[in-house]
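Engineer: Pasting in a structure now, in structure tokens, and then I'll have a few things to ask.
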Amino acid sequence: MKKRHQETQSPFQSLENHFLNVFHAGVYISGQELVNVGKQHGFDIPMKNRELVIKNLLNTANDNGKLSEVVADISALIHERIKLLNGYASDYSHAANYLQSLIQRATSTDLLLKRQQRANPYE
């Protein structure tokens, strides 16, 4: 039987995939914003494609024991977007139904982020 190459999976695989799919996440957090979160905690995250930035940030934070702080900063970015979307929903009543669905998805993303952080066995 041949040995197959097994790629090691990140413990944050589902979270990384969720952030990459804007439809499910409800918000778009750019690679530069994620790099800035890393810089706030002293991580040198190279600015590559967004998928690698997300993976590097979460895994580096986990390895350095700063995952809860990084999660809090990403959560703050999500809350900024939710606040902005709420303002748009009140200003543009015709778009409120659509914006409410984005707000719900963003809130779910924040809950997923916090749930992933609590379930992390390495902390």
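Any read-out appearing in this document is the output of simple, stated calculations on the displayed coordinates, not a laboratory observation. Quick caveat: nothing in here was measured; it's all calculated off a predicted structure. Ideal geometry is used to build each Cβ from the backbone, glycine not excepted, and the neighbour counts take in all protein chains shown.
Engineer: At what distance in nm do the modelled label points of Leu84 and Gln32 sit from each other, each positioned 7 Å from its Cα along Cα→Cβ?
Structural biologist: 1.2 nm
Engineer: With label points built 7 Å along Cα→Cβ from the Cα atoms of Gln9 and Asp91, find their separation and express it in nm.
Structural biologist: If labels sit at Gln9 and Asp91, their model points lie 4.2 nm apart.
Engineer: Could you work out which residue, out of Asp63, Asp91, Asp44, moves most in a Gaussian network model of the chain, that is, has the largest mean-square fluctuation with Cα springs under 10 Å?
Structural biologist: Greatest mean-square fluctuation among the candidates belongs to Asp91.
Engineer: Here is a further query. Eigenvalues of the Cα gyration tensor times 5, then square-rooted: what semi-axes does that give for the stretch 22-68, in whole angstrom, largest first?
Structural biologist: Semi-axes (√(5λ), whole Å): 18, 12, 9.
Engineer: Also: Please compute the contact order of the chain in relative form: average sequence separation of alpha-carbon pairs under 8 Å and at least six residues apart, divided by the residue count, as a percent.
Structural biologist: Rounded, it is 29 percent for the chain.
Engineer: Let me ask something additional. Quote the FRET efficiency, to the nearest 0.05, computed for Gln40 versus Ser108 with a Förster distance R0 of 30 Å and r equal to the Cβ-Cβ distance.
Structural biologist: The pair Gln40/Ser108 has a calculated efficiency of 0.75.
Engineer: In 5 Å bins starting at zero, report the fraction of Cα pairs in the chain per bin as a rounded %.
Structural biologist: It works out to 2, 11, 20, 21, 18, 11, 8, 5, 2, 1, 1, 0, 0, in whole percents.
Engineer: Further question: How far, in nm, would the chain grow between Gln100 and Glu69 when pulled straight, counting 0.36 nm per residue and subtracting the alpha carbon separation?
Structural biologist: 8.4 nm
Engineer: What does the charge add up to near His41, with Lys and Arg as +1, Asp and Glu as -1, over the other residues with Cβ less than 11 Å from its Cβ?
Structural biologist: Charge balance near His41 sits at -1.
Engineer: Something else about it: Have a look at Ile74, Asn49, Gln100 and report the one farthest towards the positive end of the charge dipole of the chain, computed about the Cα centre with Cβ charges (Lys/Arg +1, Asp/Glu -1).
Structural biologist: Farthest towards the positive end: Asn49.
Engineer: Are there any chymotrypsin sites (Phe, Trp or Tyr not before Pro) in the stretch 51-123 that are in a DSSP loop and have at most 13 other Cβ atoms within 10 Å? List them by number.
Structural biologist: Passing both the DSSP loop test and the Cβ count: Tyr92, Tyr122.
Engineer: What is the helix-to-structure angle for 50-63, meaning the angle in degrees between its Cα long axis and the longest Cα principal axis of the chain, kept from 0 to 90 and rounded to the nearest 10?
Structural biologist: That works out to roughly 60 degrees.
Engineer: Are there trypsin sites (Lys or Arg not before Pro) in the stretch 1-92 that DSSP marks as loop and that have at most 10 other Cβ atoms within 10 Å, and which are they?
Structural biologist: Answer by residue number: Lys2, Lys3, Arg4.
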